[in-house]
Every structure is written in C-alpha cells, then in structure tokens.
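The values are calculated or read from the model by the stated rules, or taken from the named source; none is laboratory data. It should be emphasised that the depicted structure is a prediction, and the values quoted were computed from it without experimental measurement. Cβ: placed from backbone, ideal geometry, glycine included. Neighbour counts: every protein chain shown. Accessible surface areas use protein heavy atoms only, side chains included; no ligands, DNA or RNA. Shrake-Rupley method; radii C 1.70, N 1.55, O 1.52, S 1.80 Å.
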Amino acid sequence: MQTVHNIDFRKLSISCGISLGVGAVSALVSMPSMGAYQRASKPPLTPPGWLFPIVWTILFLLMGISSYLVFVSKGERREVKNAALTVYASQLVVNFFYPIIFFNLSAYLLAFIWILILLAMVAVMVRLFLRVNRLSGALQIPYLLWVVFATYLTLGVFILN
C-alpha cells in the first residue's frame, strides 16, 4: 500500500475506478441511441453535445475522490459513514440507469421522474458526506448543481417532445 501524505493510492484508484467505470459502461450502453436525442427538440441553455462527456468524466472523478475521503475518514461514527457510502452506491445505480431511460428508451417523462429521484439522493449524499468529511461533501456540490441543470434539461426535452 503506497501512501504519500496519508493517501492510499490503491484505495483512491479503486474508488475512482468504480465511479468512472459506472459512467463509462452507462455511456457505452446508451451511446448507440444518441441519434434520437440529437433530433429531439431541446430547451434553451442546452450545452453542445461534446461538453457532456467532459463534465460527466470530471463529476465521476470527483465522486471517486469523495467516496475515498469518506471511506478512509476516521472521525465520524461508523453508522453515518456507512449510511453515506450506501447512499453513494445507491445513487450510482440510479445514475447508471438514467441515460438508458432517457436515451435508449426515449422515455422522457420516466427520465424526469428518475432524475428527480437522483437529485434527492445526491442531496442526501452531499449532506452525509459533509458530516463525515467536509471536503468530500464540498467536492460533490458541482455534481448536485449539474443534476439540477440536467433535471431542467430533462423536463425541457419532455415538454418539447
């Protein structure tokens, strides 16, 4: 176990690999269906398509770093730490299925309901992460904001299509 400044790089790599892996597999599964989304009417402020993989890669990387910080944290009660990691894992599962519902199925109403569930889970995760490790929670604020924005985009696509 190689550590520098108390960073366990093996655990950090595993944490980042899990989150990035979830994002990569979900993207690979939904990628063949991007044509339908490109033809769909989109709401104002929709970013260009090339921006989404960049943003999501950064967010999944931040998720991995945050989960690592929670996992190795020593200060918080074990049940809070376990709850934080359980919510984290659960929201990863919900996150995984969102692009499949939205892109592959073009089920825009279901995708909107699904992303509302994801948004609630991310908000709970941020709150729990903040309790365990302030930095881990702070690193999730961009994710929370992006999911709020993605909720707007999802609702817009549902209304317009």
Fill in the blank from the handout: With +1 on the Cβ of every Lys and Arg and -1 on the Cβ of every Asp and Glu, the dipole magnitude of the range 1-160 about its Cα centre, in debye rounded to the nearest 20, is 300
Practice task
Whole number please: convex hull volume per residue, Cα atoms of the range 1-64, in Å³.
Solution key: 95
Exercise for the section: Could you tell me how many degrees, from 0 to 90 and to the nearest 10, lie between the Cα long axis of helix 78-99 and the main elongation axis, the longest principal axis, of the Cα atoms of the chain? Expected result: 20
Handout entry: Estimated [θ] at 222 nm from DSSP helical runs (n ≥ 4, -39500 (n - 2.57)) normalised by residues in the chain, nearest 500
Key = -25500 deg cm²/dmol
Problem - Cα-based radius of gyration of the chain once divided by 2.2 N^0.38 Å, which approximates compact folds - result: 1.09
Handout entry: Angle in degrees between helix 9-30 and the longest Cα principal axis of the chain, rounded to the nearest 10
Key = 10
Practice task
Tabulate in residue order the Karplus-calculated ³J(HN,Hα) for the range 47-59, using 6.51 cos²θ - 1.76 cosθ + 1.60 with θ = phi - 60°, rounded to whole Hz; enter x for Gly and Pro.
Solution key: x, x, x, 5, 6, 4, x, 5, 4, 5, 4, 4, 5
Completion exercise
Across all Cα atoms of the range 32-112, Rg and the largest Cα-Cα distance (Dmax), in Å, are 16.6, 50
Fill in the blank from the handout: Both in Å, the radius of gyration and Dmax of the C-alpha trace of the range 90-161 are 13.0, 42
Practice task
Give the accessible surface of the range 16-130 per residue, rounded to a whole number of Å², with probe radius 1.4 Å and ligands, DNA and RNA excluded.
Solution key: 51
Handout entry: Cβ-based charge dipole, the chain, positive-most Cα from T46, L105, V124
Key = V124
Completion exercise
Largest fluctuation, F52, F97, F112 only, Gaussian network model of the chain with Cα springs under 10 angstrom, belongs to F52
Handout entry: Highest-MSF residue in the chain out of R77, R39, R134 [GNM, Cα springs under 10 Å]
Key = R39
Exercise for the section: Report, to the nearest whole %, how much of the accessible area of the chain belongs to carbon and sulfur atoms, 1.4 Å probe, protein only. Expected result: 72
